[in-house]
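Heads up: the structure comes next, in C-alpha cells.
Since every read-out is calculated from the coordinates, none of them should be taken as a lab result. Just so you know, these numbers come straight off a predicted model, no measurement behind them. With ideal geometry, Cβ positions are generated from the backbone for all residues, glycine too; neighbour counts draw on all protein chains shown.
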C-alpha cells in the first residue's frame with residue numbers, strides 16, 4: 001500500500017458516500033444516471049468474487065464490502081425507493097453497447113484464461129467506461145447539480161491517483177499490470193473535459209453547465 | 001506481467 005493508492009481508495013469511497021448521501025438526504029436521484037450505477041455494481045460484483053476466498057487484509061475486505069453494499073444500495077434507492085425521481089428520459093445510454101464489447105474484449109485480452117481472471121478483466125474494462133452513461137446524461141441535460149459534480153470529481157480523481165500509484169509501484173517494486181494501467185488511463189481520460197469544467201466553473205462557485 | 005500481487009488492489 002502507498003499513499004497514492006490510499007488517497008485513491010479514499011477518494012473513491014468519498015465519491016460513493018457523496019452520491020448515496022445526496023440521494024438519501026434529498027430523496028431524489030435527479031441528474032444521476034441509474035445505468036452508470038448499475039454498471040458500477042456489476043464492476044464490483046465481478047471484481048470482488050474472491051472476497052471470501054482470497055483474504056488480503058482487513059482493509060481490503062472491509063473496503064470491498066463497503067463498495068458492494070453502497071453500490072447496490074444506490075441502485076436500490078434509484079430504481080425502487082426514489083424511482084419517481086429517476087430521470088429515465090435523459091438516462092438513455094445503451095448499456096449493452098458497453099457490456100457486450102467489454103465482455104468480448106475480456107475474453108480476448110486477459111492475463112489468464114480462467115473464469116475468475118476473465119471476470120476480473122471484464123470488471124477492469126467495464127469500470128473504464130461505466131461513467132459514460134452519466135457523462136452522456138449530463139451532456140443531454142446540459143448541466144449537473146453541484147453535489148453531482150463533486151461526486152464526479154472524486155470518482156475521476158480516484159483512478160487518476162491509481163495511475164500515480166502504478167507509476168510509483170513500477171519504480172519501487174518493478175510491478176505493473178498493463179491491463180489495469182491501460183484501462184485506468186482510458187477511464188481517467190474520459191473525465192478530462194469534466195475536470196476542466198469542474199476546475200474552471202464549480203470551483204469558482206458557478207453551476208456546472210455544458211456549452212449547449 | 002501481473003502475478004497474484006495485482007489483486008491486492010481494489
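Go over the candidates A:28, A:11, A:36 one by one and state the one that is outside any helix (DSSP H, G or I) and either in contact with a helix residue (DSSP H, G or I) (Cβ under 6 Å, 6 or more places away or on another chain) or in contact (Cβ under 8 Å) with a residue 24 or more places away in the chain (or both).
The match here is A:28.
Just one of (1) exposed (fewer than 14 other Cβ atoms within 10 Å of the Cβ); (2) within 14 Å of chain B (Cβ to nearest Cβ) trips up residue A:181, so point out which.
The number of the failed condition is (1).
Please go through (1) loosely packed, with under 15 Cβ neighbours inside 10 Å; (2) more than 14 Å from every other protein chain (Cβ to nearest Cβ); (3) touching a residue at least 40 places away in the same chain (Cβ under 8 Å) for residue A:195 and return the number of the only condition it doesn't satisfy.
(1)
Name every residue in segment A:121-150 that is closer than 22 Å to residue A:205 by Cβ, part of a helix (DSSP H, G or I) and touching a strand residue (DSSP E or B) at 6+ places or on another chain (Cβ under 9 Å), in order of residue number.
Hits for segment A:121-150 are A:138, A:146, A:148, A:149.
Out of A:118, A:16, report the one residue that is crowded, with 17+ Cβ neighbours inside 10 Å, within 14 Å of another protein chain (Cβ to nearest Cβ) and either more than 18 Å from the chain's Cα centre (by Cα) or part of a loop (DSSP other than H, G, I, E, B) (or both).
Exactly one of A:118, A:16 is crowded, with 17+ Cβ neighbours inside 10 Å, within 14 Å of another protein chain (Cβ to nearest Cβ) and either more than 18 Å from the chain's Cα centre (by Cα) or part of a loop (DSSP other than H, G, I, E, B) (or both), namely A:118.
Go through segment A:37-63 and report how many residues are surrounded by 19 or more Cβ atoms within 10 Å (Cβ to Cβ) and farther than 17 Å from residue A:23 by Cβ.
7
Could you check segment A:199-212 and list, in sequence order, the residues that are in a helix (DSSP H, G or I) and either out of contact with any helix residue (DSSP H, G or I) (no Cβ under 8 Å at 6 or more places or on another chain) or within 18 Å of residue A:133 (Cα to Cα) (or both)?
A:199, A:200, A:203, A:204
Only one of (1) within 26 Å of residue A:6 (Cα to Cα); (2) within 14 Å of another protein chain (Cβ to nearest Cβ); (3) in contact (Cβ under 8 Å) with a residue 60 or more places away in the chain; (4) over 14 Å from the mean Cα position of the chain (by Cα) is not met by residue A:146, so which one is it?
Result: residue A:146 passes all but (2).
In the list A:190, A:155, which residue meets the criterion of being touching a residue at least 60 places away in the same chain (Cβ under 8 Å) and within 14 Å of chain B (Cβ to nearest Cβ)?
Sole residue among the options that is touching a residue at least 60 places away in the same chain (Cβ under 8 Å) and within 14 Å of chain B (Cβ to nearest Cβ): A:155.
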